[in-house]
1. Considering each residue of the range 122-141, count those that are modelled with pLDDT under 85, surrounded by 12 or more Cβ atoms within 10 Å (Cβ to Cβ) and within 20 Å of residue 93 (Cβ to Cβ), and give that number.
2. Within the range 7-32, count every residue that is farther than 19 Å from residue 65 by Cα and either of a type in the set (Lys, Arg) or surrounded by 12 or more Cβ atoms within 10 Å (Cβ to Cβ) (or both).
3. List the number of the failed condition for residue 158; all other conditions in (1) in a helix (DSSP H, G or I); (2) modelled with pLDDT of 80 or more hold.
4. Does residue 43 satisfy the criteria of being exposed (fewer than 14 other Cβ atoms within 10 Å of the Cβ) and either without any contact (Cβ under 8 Å) to a residue 24 or more places away in the chain or within 24 Å of residue 33 (Cα to Cα) (or both)?
5. Kindly indicate whether any position in the range 46-66 is surrounded by 12 or more Cβ atoms within 10 Å (Cβ to Cβ) and over 21 Å from residue 160 (Cα atoms).
6. Can you tell me which condition residue 9 does not meet? The list is (1) under 17 Å from the mean Cα position of the chain (by Cα); (2) touching a residue at least 40 places away in the same chain (Cβ under 8 Å), and all the others hold.
7. Do you know which residues across the range 67-106 are surrounded by fewer than 17 Cβ atoms within 10 Å (Cβ to Cβ), in contact with a Ser or Thr (Cβ under 9 Å, 6 or more places away or on another chain) and of a type in the set (A, V, I, L, M)?
Amino acid sequence: MAEEFTRTYKTGEVIFTQGEDGHFACLLREGLVELFSGEGATRVPIAQVQPGRIFGELSLVDGGKRMATARALIPSKVFLLDEKIFRGKLDALPENDHRTFARLIEFVRDTLPHGLAKPGEKGAPDPATIAEMTALIDGAELTQNVSRGGDEFLGTLADLLIFYAKRRLPPA
């Protein structure tokens, strides 16, 4: 992909597959997309993506493999943003916002949602990380900074990362 564009997916069509390299992020414009890991008997549903939400962004940002498979549940229009343009958008952020994005992504990728991770187990945040993330989220002006810059994609990504990070923290 050389640039950003919108693609239509039919019901049941796979947008990307778990384990592959991520060379684009997605913003769902219309339709409904499911995210799941595994296949067959080991298939685990992760989320249903509603219009206006981003998915597939983590592997694009940190270079890791896709953590899930994305498939259209109904006919869906997806705005695809390639790696080069996405990285350019991130690199254009002020340094503090760039570091906040990077730390939130690292935290989301390295931890399981709080309800799934038991304290002390792999994937459960330790007390120092909980304190750091709570302070980062509470003090983050990331969403306001990005949305003031007029970038809908990065503003939505900032909202989504903060949402995912909050889900990984224990209840206050």
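The values are calculated or read from the model by the stated rules, or taken from the named source; none is laboratory data. Note that this is a predicted model, so its numbers are computed, not measured. Here the Cβ is made from the backbone with ideal geometry for all residues, glycine too, and neighbour counts use every protein chain on show.
1. 4
2. Looking only at that region, the number is 11.
3. Every listed condition holds for residue 158 apart from (2).
4. The answer is yes for residue 43.
5. no
6. With respect to (1) under 17 Å from the mean Cα position of the chain (by Cα); (2) touching a residue at least 40 places away in the same chain (Cβ under 8 Å), residue 9 is out only on (1).
7. 67, 73, 74
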